[in-house]
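This report concerns only the one structure given below.
Each value in this text was obtained by applying a stated rule to the coordinates, not by laboratory testing. Everything numeric in this text was worked out from a predicted model, so none of it was measured. Because the Cβ atoms are built from the backbone with ideal geometry, glycine has one as well, and the counts that use them run over all protein chains shown.
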Amino acid sequence: MTTKSRIKQRGGLDVFRLIAAFLVVAIHTSPLSSFSAEADFFLTRILARIAVPFFLMVTGHFVLGELLLGECRLNRGRQITGVLRHVRKLAVLYGIAMLLYLPLGIYAGHYGDMSVSAALKMIVFDGSFYHLWYFPACILGILLVCLLRRFLPFQAVAVIGVCLYGIGLFGDSYYGLLSFLPGVEGVYDGGFSLFSYTRNGLFFAPVFLLLGAAAGKRKSVFKPFFAAAGFAVSFLLMTAEGFLLRSFGLQRHDSMYVLLIPVLYFLYRWILTWQIKVSKEKRALSGWVYILHPAMIVMVRGLAKAFGLTELLVENSLVHYLAVSAAALGAAAAVTAGLPAVKRPAERLFKAMARSVGKRVDEGEASEKYPFGRAWIELDRGALEQNVRALLQELPTGCELMPAVKAQAYGHGAVGMAFELNRLGINAFCVASAGEGTKLRKNGIKGEILVLGYTHPGDFPLLLRYGMTQAVVDYEYALLLEQAGEELRAKADFSEKAHFHVHIAVDTGMHRLGIPSDEIEKLSDIFHRKNLIIDGIFTHLCADDTDSPSDRAYTDMQANRFYEVLDRLKEAGIPCPKAHLASSYGVLNYPSLAGDYARVGIALYGVLSTGEDTLASRIPLLPVLSLKARVAAVKNLHKGEAAGYGLSFVAGEEMRIAVLSIGYGDGFPRALSCGRGEVLINGYRAAVLGRICMDQTIVDVSSIPDVRQGDIAVIVGSSGEEVITVCDIAGQADSITNEILSRLGERLERVWI
Ligand SMILES: *Cc1c(COP(=O)(O)O)cnc(C)c1O
């Protein structure tokens, strides 16, 4: 399998979400009831019972997986925020749905006698209208499992989830068995004064949320066929279970079966193997079908009555179902199509209103996503995924990405970046030092880690301990490694594994690191060292970034020298290890360069070294990083007053200035002082005034309305219609993006969004 196919397609889940939504519609319209009670029972009380647990699993998968099972503990706080944000979203949807159905509920007499306890029962457990129980169940379930996980390992939480489900079973399909346990029956009946059913957030939701979290995080052991077969068998058994319980009259309700858990487990595993692409708009459809279908039931009934079509549209259950489904799909499509048109004006209106009452509304969503920072980096997961895809498309078959995550992944944060790349199926990285590699390993990064630079022999044990691969920087260095292997073997704790994994660096003309390409004897000699395991061989191109004929000729020469080395080794009977030579510009400008890896750095982060190159790039790259800082203070500057170190700026007129909490200590280049650089505030450009300080920068906000303390200044990224790219900054600082990015400060927080 190539890396390409490891980028996961999740479209199967979206497709099944839509199927599940129509199963829910079936539960509420009983399409087969006109024909056979058995068939209706099968469809609505057995098959359709898959739908809601499936929705819960999707939530568990995408919302809880990282928090409950993630290995990377660095982003815990942010993961919790993510979960809470989802809970808030569910609560808002629940609120909207409640309001939407309030008139219907009143009309149907649902709110006849509303005591406080009855209201609580309805809002927390039952849902305010007959199908709305899903929202409170999901919220309660999420909060419950997160709380449990706070104190217990995942396995223990899973056991609790299963036990709760077991308890729930006896309030649902297995209720009849309670008559054998008179004492317990009373307990259950007490429970039913709190909630109408046990299929709620307490007994029903947790196990499926947990199952979803596990399905998302743990690799599947099943081939698609076995998952499908597992589903088929367990579903057959569940059908038997359902009919058996029904024939004995044990059911109080029919949402929960013992076999529902394996059914969902196999089904979900199977769906994850469906390779389908689904657009973002279509993805939202299922949710709206779910929310809107009760209204459509009412509408279809109303219209049928009005036009005298009741016999056709309502009394024939199948036609009724199809009519409701079509109406719900149409309404959902209308909402998803219309939503963006409504959303933007609504946001603008909201901002204008907030401004008129003197409240601050920050640009975009940034402040909502990250409310506390002084200065920070936002990283765009979608952009990274897009860049990975675009680069993979460029590579010859068999060639995989080996991203360069050296220098804090070019300022993006090495651990977070490698973690995201791991999730995208990438399993090889290169770093500059053993220290960088060690940090990745200590944070759970998997796959090959190649140290491209020199490692001092004192650090050789790190290579073994953390399973890193070392570049052989010259021939003598190979001998040093070989000898260190001998010595370490003598020590007890290394006796087993004193073999160094290495990639041999070949110097084909850059004259930096590597064994000269014409020293074939030395190169082949390294292959015969018994303490070295040669996993790879590589060279680095130094003139692949321009299109000039001389550079092209030089690059071709380098490539030819490298392939020549490979040929000579082959002739000498040496099995060829993985070979690689292209970095970002190599992939872009020399797509035919074959290799087992492409060591891409800068392009992966969505820019090239210069603005011109980035503009001219043939492949679509999206910048992953934005850089933002808070306005620390705003003040007036009178004519003749100076600001900043060295009094280098003097106001020629009355001005308003803002102090930003970012400086060259954060990597905002000092070369941008005195008007060279700009930032964005509330969609306007603000020029840098005076000299940039280590922790602060002063900008001119005279012509920007209403700038206040706590506002967000965008150093790299967009605000309103304006954009500043890291290429702009590199240009202003007479540097390249690689340098600007890799010098972004340690103290900036990195936030993935
Ligand atoms: C940094 C580095 C790379 C990555 O280069 P980009 O131009 O950022 O893609 C590749 N190979 C070696 C040896 C490097 O040092």
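Among beta bridges from DSSP that stay inside the chain, the antiparallel ones total about 50%.
What Kirkwood radius, in Å to one decimal, follows from the Cα pairs of the range 487-560? After inverting the mean inverse Cα-Cα distance, the result is 14.4 Å.
With respect to the chain, whose longest principal axis is taken over its alpha-carbon atoms, helix 154-169 is tilted by about 10°. The Ser702 and Leu647 beta-carbon pair, evaluated with R₀ = 25 Å, returns a calculated FRET efficiency of approximately 0.85.
Here the 3J(HN,Hα) profile of the range 428-443, calculated from phi with Karplus coefficients 6.51, -1.76 and 1.60 at θ = phi - 60°, is 8, 9, 10, 10, 8, 9, 5, x, 5, x, 4, 4, 4, 4, 4, 9 Hz, Gly and Pro shown as x. Relative to the longest principal axis of the C-alpha atoms of the chain, give the angle of the C-alpha long axis of helix 280-306, reported between 0 and 90° and rounded to the nearest 10°. The helix 280-306 is inclined about 20 degrees to the chain. With a Förster radius of 30 Å applied to the beta-carbon distance between Ala594 and Asn443, the computed FRET efficiency rounds to 0.35.
Shown in residue order for the range 233-244 are the 3J(HN,Hα) couplings computed by the Karplus curve 6.51 cos²θ - 1.76 cosθ + 1.60 at θ = phi - 60°: 5, 5, 5, 4, 4, 5, 4, 4, 4, x, 5, 5 Hz (x for Gly and Pro).
In angstrom, the C-alpha Rg and Dmax of the range 209-261 are 14.2, 40. Charged side chains reduced to their Cβ positions (Lys and Arg at +1, Asp and Glu at -1) give the chain a dipole of some 2100 debye around its Cα centre. Count neighbours as other Cβ atoms within 10 Å of each site's Cβ, and list the GluC sites (Glu not before Pro) in the range 455-537 that are DSSP loop with at most 12 such neighbours. Answer by residue number: Glu496. For helix 317-356, what angle does its Cα long axis make with the longest principal axis of the chain, in degrees from 0 to 90 and rounded to 10? Between the helix axis and the principal axis of the chain, the angle is about 50 degrees.
Sequence-distant contacts, meaning Cα pairs under 8 Å at least 6 residues apart, place the relative contact order of the range 50-201 at 24 percent.
With each label modelled as a point 7 angstrom along the Cα→C-beta vector, the Lys570-Ala37 pair spans 7.6 nm.
Of all alpha-carbon pairs in the chain, indicate the percentage at a distance above 52 angstrom. That tail contains 28 percent of the Cα-Cα pairs.
Taking 7 Å steps out from each Cα toward its Cβ at Val258 and Ala118 produces label points 3.9 nm apart.
Scaled to the globular estimate 2.2 N^0.38 Å, the Cα spread of the range 160-250, given as radius of gyration, is 1.32. Basic side chains Lys and Arg get +1 at the Cβ, acidic Asp and Glu get -1 at the Cβ, and with that the dipole of the range 551-637 about its Cα centre reaches some 560 debye. Pairs over the 25 Å Cα-Cα cut-off, from the set Lys446/Lys578; Lys121/Lys217; Lys442/Lys491; Lys442/Lys497; Lys223/Lys439; Lys277/Lys406: Lys121/Lys217; Lys223/Lys439; Lys277/Lys406.
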